1. Starting from the Cα of Glu114, step 7 Å along the direction of its Cβ; do the same at Tyr9; then give the gap between the two resulting points in nm.
2. Based on the Cβ-Cβ distance of Arg96 and Leu159, what FRET efficiency does E = 1/(1 + (r/R0)^6) give at R0 = 35 Å, to the nearest 0.05?
3. Under 24 Å from the Cα of Lys122, which lysines turn up, not counting those fewer than eight places away in the same chain?
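Coordinate-derived values only; no laboratory data. Just so it is clear, the model here is predicted, and its values are computed rather than measured. Here Cβ is always computed from backbone atoms with ideal geometry, including for glycine, and neighbour counts include all displayed protein chains.
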Amino acid sequence: MSDSSYLSYLVVAWMAYFIAVASPGPAVVALINTSMTRGRKAGVAFATGIMAGSLVWATLSAIGLAAVIATYAELLIIIRIAGGLYLLYLAYKAFRAASSANDATMAQVSTTTESLGRLYFKGFLLHVTNPKAIFVWISMVSLALPVGAPTSVMVIFILGCQLIGLITLNLMALMFSASAVVRGYGKARRYIEGAMGAFFAFAGLKLLLLRA
């Protein structure tokens with residue numbers, strides 16, 4: 001088989017990956033919040049960090065992450081606990097913001113300067129501690145690669161996924177940092193932060209209480 005003969009597998013897997021990236025989850029919710037409160041550049045930095053974390057899981061999946069997890073199940077438990085605790089930390093921050101006065105919080109957002117590098121790392125950390133991302137990539141690799149597929153097809157698949165993810169998440173960052181969206185956020189900030197806090201708390205507890 002030539003590399004082009006795997007195109008049908010790749011297209012199906014890329015479509016599945018796009019759905020996975022665009023679906024609501026901790027990373028997407030955090031990206032939306034970052035874009036609305038910190039602006040376009042912050043959202044783009046956070047999105048880039050998410051995709052860097054995705055590249056880590058993609059690479060590990062390509063070299064046989066499923067076999068490693070089967071051998072060292074404790075590794076997945078550690079990742080799950082770390083991810084759950086980090087989500088609970090995000091929930092705490094969201095609830096604290098929701099409980100404060102509108103004017104004070106918006107003033108703090110406008111004057112606080114968080115480096116793009118730090119925002120990048122926060123996006124990376126959120127995604128690399130998400131056990132769901134591990135299984136998404138393992139399933140994506142299985143979907144994209146039939147038995148006997150060469151390494152070049154895997155490289156093409158991962159690069160395609162990175163491009164799809166970067167475009168999708170950066171478009172989200174641009175959309176949710178638009179002035180109209182930011183104004184709407186200012187009016188409904190406490191409700192939005194409260195809802196995000198509830199989401200992060202639910203996701204974090206779900207990870208921590210998940211049976212091994």
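1. Those two pseudo-labels are separated by 4.0 nm.
2. E between Arg96 and Leu159, to the nearest 0.05, is 0.30.
3. Lys122 reaches Lys41, Lys93, Lys132, Lys206.
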